[in-house]
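One structure is given here, and the rest of the page talks about it.
The values are calculated or read from the model by the stated rules, or taken from the named source; none is laboratory data. Since we're looking at a predicted model, the values are computed, not measured. Reconstructed Cβ throughout: ideal geometry from the backbone, glycine too, with neighbour counts over all protein chains shown.
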Amino acid sequence: MFDAGTKIHLQLPGMTDHQTLVPAMVLSKHDDTVTAIVDASGTIDQQEGDLYVHYHERGQFVRQGAHFKVLVNNREMTGLELKISGSALPAEKRKAHRVPTSSTDQYVRLGEKTGCELLDVSIIGCAISTDEEYEPGDVVEVALNCDGVDFIGMARIQNKSSMPGGGFRYGLLCLQDDDNNSLEEALHRKTIAAQDSEFRQQLADSPFKITTLKRR
C-alpha cells in the first residue's frame with residue numbers, strides 16, 4: 001500500500017460529493033508520510049489542510065484521512081506531503097463520486113434495450129442514456145461488459161431527465177447482488193479503470209517530469 005508508483009485519488013477540501021476525484025501518484029513513503037504528485041495545475045488553492053485519500057485495496061475502493069502540505073505548486077504539477085491517519089474505510093456509498101465515461105464510447109444493456117450509452121460510473125451506480133422510457137423507482141436489469149464478460153444485475157431508476165437531442169438520461173443505483181458475477185463488481189472495475197485512464201492521460205499531456213521533491 002502506498003508504494004512508489006501507486007495511483008491514488010484525492011478528495012480535496014471543498015469538493016462536493018458528486019465531483020470527480022483528483023488523480024495522483026505516490027512518489028515515496030516513509031512511515032505514515034507519503035509524498036505524491038498531482039499532475040494538474042491550479043487544483044489546490046491552499047498550502048495545507050485535511051483531505052481524503054481514495055485507493056483500491058483488495059478489490060475494494062477505500063478512503064483514508066490525511067493532512068496535506070504543498071511542497072511544489074506550479075503550472076505543470078503540484079507536489080504534496082500527505083500524513084496518513086486513521087484506518088482505511090469503504091468509500092462512502094450513499095454519495096459516491098462519479099467518473100465520466102461518455103468520451104470512451106461505452107454501451108450497456110438496459111432491460112431489453114441494447115446499445116444504451118454509458119455516461120458515467122461510480123462504485124454504486126451509473127448514468128445511462130436511452131430512448132426507452134422508465135420512471136424513478138422502476139427496477140430494471142442491467143448488463144455491463146467488463147473485460148469481455150457481461151456482468152448482470154438489477155438496478156433502481158433514481159432519477160430521470162430529458163436529453164437535448166432526444167431520449168432520456170437515467171441515474172441508476174445498483175441493488176446488492178450476492179452473485180460474484182454481479183453488476184456491483186463491474187461498476188467497481190469500471191470506476192477504477194476510468195479514474196486510472198484519466199490519470200494516465202493527464203501524465204501523458206504534461207511536459208513536466210519529476211524525479212525528486214524537496215521540502216520548502
Need at least 1 residues that are under 27 Å from HIS9 (Cβ atoms) and modelled with pLDDT under 85 per element, so show me which strands (runs of 3 or more DSSP E) inside segment 81-158 make the cut, counting only ones lying wholly within it. 139-146
In segment 16-49, residue modelled with the highest pLDDT [restricted to those that are under 18 Å from VAL121 (Cβ atoms) and out of contact with any Phe, Trp or Tyr (no Cβ under 7 Å at 6 or more places or on another chain)]: VAL22
Any idea which residue in segment 72-86 is surrounded by the fewest Cβ atoms within 10 Å (Cβ to Cβ), counting only those that are touching a Phe, Trp or Tyr at 6+ places or on another chain (Cβ under 8 Å) and closer than 11 Å to ASP50 by Cα? LYS83
Residue pairs qualifying under the 6 Å Cβ cut-off, at least six apart or on distinct chains, with the first in segment 124-152 being farther than 20 Å from PRO100 by Cα and assigned by TED's automatic domain parsing to the domain that holds LEU110 and the second being among the basic types (Lys, Arg) and in a strand (DSSP E or B), are GLU132/LYS113; PRO136/LYS160; VAL139/ARG156
Could you tell me whether ASP147 is surrounded by 13 or more Cβ atoms within 10 Å (Cβ to Cβ) and acidic (Asp, Glu)? no
Looking at segment 150-178 only, could you name the residues that are exposed (fewer than 11 other Cβ atoms within 10 Å of the Cβ) and either more than 17 Å from TYR134 (Cα to Cα) or touching a Pro at 6+ places or on another chain (Cβ under 8 Å) (or both)? PRO164, GLY165, GLN176, ASP178
Quick check, is GLY167 without any contact (Cβ under 8 Å) to a residue 12 or more places away in the chain and at positive phi? no
